[in-house]
Amino acid sequence: ALLAALHGQPRIALERARAARATADQYGWAPEPQAAAHMTALVIVALDTGEVQEAEQLLGLGTRDTNLALASRIMFAVLALQAAIARDDLASADRRAGLLALTAQRIALPRLLAGWVSVAQAEHLLAHGRVEDARQVLGQISDGGYPAARRDLNLARCHLAQDDPRRALQSLTALIPSLSAYRTVAVHARVVAAVAAIRLRKDAQALDLL
């Protein structure tokens, strides 16, 4: 379910997450660390489909368990920060970013989770217009996988924020084919590239991207 959500396959992610949730409830496995993965998948799908209120409700359900594994707490903290950014609630995002930073420093993070944390932190900085700080954080993310795809998308957003649509468009035009494994990221990349093309008055290219 989680892999399907990361790869931008919401229908499959929902089916697998709901099945996993039913199994966990049936056998009393809900408190187990692995059970948090299906809730993470549901939150990702809700955010990807613009259902931010639903994502917040799911986050509330997912974090009710006080015995959550630390890695699960970090995953939920990342998604909570992204939900606040999606709501354009910077005050809440600031609080959640602080909590994420405190929680994430407690353990050595695996690469996927470390990259995910950095993406969320960079997006928080971008929301505040701190483009260079965001770029520095993004530069810490290693190549390969979901975090790198989000890194490349946000680097293009940095170019756009610095009024450099040409560089944003060039970078995304080269990257979009390689982002196809992560459909939601690829869609966002096409939108950002189209915005860059419009700023460059390349309307035909913008239409092709969309």
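Axis of helix 145-161 versus longest Cα principal axis of the chain: the two differ by about 40°, to the nearest ten degrees. Of the peptides 129-135, 39-45, the order by per-residue mean of other Cβ atoms within 10 Å, starting with the highest, comes out as 39-45, 129-135.
Placing unit charges on the Cβ atoms only, positive for Lys and Arg and negative for Asp and Glu, gives the chain a dipole magnitude near 300 debye about its Cα centre. Per residue, region 147-210 exposes an accessible area of 54 Å² to a 1.4 Å probe, with every protein chain left in place.
Against the chain, whose longest principal axis comes from its Cα atoms, helix 36-48 is set at around 30 degrees.
The C-alpha atoms of the chain define a longest principal axis, and helix 90-104 lies at about 60 degrees to it. Post the alpha-carbon centroid distance, region 113-165 to region 65-96, in whole angstrom. Each part's Cα centre sits 18 Å from the other's.
The values are calculated or read from the model by the stated rules, or taken from the named source; none is laboratory data. Treat the numbers as computed from the prediction; the structure is a model and nothing was measured. No Cβ is skipped: glycine too gets one built from the backbone with ideal geometry, and neighbour counts run over all protein chains shown. Side chains are part of the model used for accessible areas, which takes the heavy atoms of the whole protein and leaves out ligands, DNA and RNA. Shrake-Rupley method; radii C 1.70, N 1.55, O 1.52, S 1.80 Å.
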